[in-house]
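**Q** Pasting in a structure now, in structure tokens, and then I'll have a few things to ask.
Every number in this text was worked out from the coordinates using simple rules, so none of it is lab data. Owing to the predicted nature of the structure, the values given are computational and were not obtained by experimental measurement. No Cβ is skipped: glycine too gets one built from the backbone with ideal geometry, and neighbour counts run over all protein chains shown.
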Amino acid sequence: MHQTSWFPPVTRTPAILLALVIFASSLSAAEWKEKVLYSFQGGNDGAFPSGGVIFDKHGDLYGTTLQGGVGSCPPAACGTVFQLSPPARKGDPWTKTVLYVFKGRDFSDGSSPTGGVVLDATGSLYGTTGYGGAGPCALFGTPVGCGTVFKLSPPAKQGDAWTETVLYNFQGGKDGYLPGGALTWDLQGNLYGATTFGGGYGTCNKIYGFCGTVFELSPPKAKGGRWTEKVLHSFKGGKDGANPLGGLVLNSTGAIFGSTALGGSTNCQNVGCGTLFELEPPKDGSAWTGKILHRFTGGDDGADPNGGLIFDAKGALYGTAGGGGGANSEGIIFRFTQRGGKWIETVLHRFTGFGDAPCCPGAGIVFDVRGALYGGSLGGAYFRGTVFRLDSPTARGWAFGLLYTMKGVPDAAYPEAAIVLDASGNLYSTTAGGGTGTCSGGCGTVFELEP
């Protein structure tokens with residue numbers, strides 16, 4: 001759907017609004033209550049969740065793990081899609097189910113899912129895998145596939161297996177390679193995403209080649225037909241930007257907004273500090289038009305944007321950058337507002353990383369109904385990451401506060417994905433490490449934070 005509002009996707013009944021008012025009154029608490037809902041165990045169970053989690057209408061959570069399951073994909077199997085269901089009685093454990101295990105290129109299937117999943121109205125899940133599929137791409141001479149877009153359909157009968165369909169196999173070259181980040185819907189049911197490499201332009205990486213693409217995947221006009229992929233923009237590197245990130249957003253006119261990890265300026269070790277870009281849809285059936293809204297310099301304005309942009313109700317763009325921000329700064333939270341045809345950046349918060357302070361915010365931030373922002377970062381007192389809130393501005397500006405500092409095994413560690421809120425204002429996401437799994441440093445978790 002078009003993401004033109006900062007309101008979370010919940011039904012706005014009076015009861016929920018009352019709960020959110022109560023939630024807002026409790027924001028002064030120094031630390032929220034954290035609970036690890038599930039610790040991944042590695043092996044067949046899955047390891048290292050990639051991307052965050054999403055809710056369905058029943059309150060179940062869905063996500064992906066980069067590794068685990070079965071198969072021969074290096075370095076550790078091919079990855080999974082999982083479901084986490086809440087208990088019937090509060091306080092009991094959540095129930096985790098592996099919905100699908102990827103098989104890898106040898107089976108013309110994807111491997112290493114990236115960016116989590118999105119839902120359609122029927123309850124089907126859609127996502128990308130970084131590798132696998134029927135494409136011809138190789139890594140160090142070994143065929144690994146160019147990545148896929150997949151659909152996972154729920155069974156007609158509860159308890160039966162879900163059905164996976166590969167909707168598209170990336171081909172590398174002028175097509176994309178190594179898709180990453182979350183997919184985005186428009187109102188017509190088209191999917192949009194980014195590939196880190198491919199596109200046919202630039203020399204951004206000696207191993208993978210080319211500087212990445214933004215693509216559109218359109219559903220078939222007739223049932224049983226094929227989805228159609230179209231490259232909307234191929235990045236050239238340099239001033240044009242390089243290596244686009246997922247988490248694209250669309251405005252009410254269908255324009256696409258996103259960021260690239262590199263390119264733009266000649267700073268940041270001569271590879272560029274990243275860009276913020278817009279792609280405008282064609283008005284007469286011609287090509288999409290690309291426009292660079294900002295080239296990060298690595299100074300006060302930040303460097304290395306993380307993807308996961310969001311709009312507020314007035315059309316301003318918000319996001320995070322993992323680096324830059326000026327002297328003694330290690331990343332920022334930014335806002336871009338359109339004025340007189342130009343997009344003007346305001347830095348809402350600079351991370352320092354000193355002492356117990358967090359650094360290096362991860363991909364994705366989210367608004368609550370009051371206009372406060374939530375996200376995750378690295379650093380903190382135990383160097384295992386934090387969850388933070390940035391309160392909506394007053395005369396003194398935006399107020400930053402830590403909600404929770406992660407401790408690592410057996411607690412969660414390294415929150416690197418976007419956060420989602422439930423109707424009560426509780427926060428949910430994944431961590432790349434921590435938990436009770438047998439992986440070194442833990443196999444990752446799904447966690448909950450309550451005010």
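**Q** Just name one of 303, 390, 44: the one whose Cα is farthest towards the positive end of the charge dipole of the range 14-450 (beta-carbon charges, Lys/Arg +1, Asp/Glu -1).
**A** After comparing all options, I get 303.
**Q** Another one. Test of understanding: what is the full-extension gain from residue 346 to residue 95, defined as 0.36 nm times their sequence separation minus their Cα-Cα distance?
**A** Working: separation 251, 0.36 × 251 = 90.36 nm, distance 4.25 nm.
Between residue 346 and residue 95, full extension yields an extra 86.1 nm.
**Q** Between (1) 21.7; (2) 34.7; (3) 23.1, which entry matches mean projected area of the Cα convex hull in nm² as derived from the coordinates of this structure?
**A** Checking each listed value against the structure points to (1).
**Q** If you don't mind, there's one more thing I want to ask. Between residue 300 and residue 228, what is the spin-label point distance in nm, taking each point 7 Å from the Cα along the Cα→C-beta axis?
**A** 4.9
**Q** Find me the longest stretch of the chain that has none of the exposed chymotrypsin sites (Phe, Trp or Tyr not before Pro), where exposed means in a DSSP loop (not H, G, I, E or B) with at most 14 other Cβ atoms within 10 Å. Don't jump to the answer; show the numbers that get you there.
**A** Values: sites that count: 140, 354, 382.
That gives 141-353 as the longest site-free run.
**Q** Using 0.36 nm times the number of residues separating residue 106 and residue 280, minus their current alpha carbon distance, what extension gain do you get? The partial results should precede the final answer.
**A** Numbers: separation 174, 0.36 × 174 = 62.64 nm, distance 3.83 nm.
Result: 58.8 nm gained on full extension.
**Q** How large is the charge dipole for the chain, taken about the Cα centre, if only the Cβ atoms of Lys, Arg (+1) and Asp, Glu (-1) carry charge, to the nearest 20 debye? Mind showing how you got there, number by number?
**A** On the way: 32 positive and 33 negative charges, 107 e Å.
It works out to roughly 520 debye.
**Q** If each residue of separation counts as 0.36 nm, what is the full-extension length gain between residue 450 and residue 140 once their alpha-carbon separation is subtracted? The partial results should precede the final answer.
**A** On the way: separation 310, 0.36 × 310 = 111.60 nm, distance 4.61 nm.
Fully extending the segment from residue 450 to residue 140 adds 107.0 nm.
**Q** Residues of the range 209-236 with amide nitrogen under 17 Å from the 7 Å Cα-to-Cβ point of residue 156?
**A** 224
**Q** Next question. Could you tell me which trypsin sites (Lys or Arg not before Pro) in the range 348-436 are loop residues by DSSP with no more than 12 other beta carbons within 10 angstrom of their beta carbon? Walk me through the numbers before you get to the answer.
**A** Working: sites: 350, 370, 384, 389, 396, 407; in loops: 370, 384, 396, 407.
Within the range 348-436, the qualifying trypsin sites (Lys or Arg not before Pro) (loop, at most 12 other Cβ atoms within 10 Å) are 396.
**Q** Another question, if that's okay. Which residue, 443, 203, 62, has the largest displacement toward the positive end of the dipole of the chain when charges sit on each Cβ (Lys, Arg +1; Asp, Glu -1)?
**A** Sorting the options by dipole projection puts first 203.
**Q** Let me ask another. Using the structure shown, list the pairs from 239/291; 174/283; 96/157; 230/342; 96/407; 33/90 with a Cα-Cα distance above 20 Å, or answer none.
**A** 174/283; 230/342; 96/407, as the Cα separations exceed 20 Å there.
**Q** Further question on the same structure: Assigning unit charges at the beta carbon (Lys, Arg +1; Asp, Glu -1) and nothing else, what dipole magnitude in debye, to the nearest 20, does the range 320-451 show about its Cα centre? Don't skip to the answer; put the middle values down first.
**A** Details: 9 positive and 10 negative charges, 99 e Å.
Charge dipole, the range 320-451, about its Cα centre: 480 debye, nearest 20.
**Q** Describe numerically, in nm with one decimal, the distance between label points set 7 Å from Cα along Cα→Cβ at residue 424 and at residue 266.
**A** Reported label-point gap for residue 424 and residue 266 is 5.7 nm.
**Q** List the trypsin sites (Lys or Arg not before Pro) within the range 39-131 that DSSP assigns to loop and that have no more than 11 neighbouring Cβ atoms inside 10 Å. Before the final figure, lay out the partial values.
**A** Values: sites: 57, 89, 90, 96, 103, 105; in loops: 57, 89, 90, 103.
The qualifying sites are 57, 89, 90.
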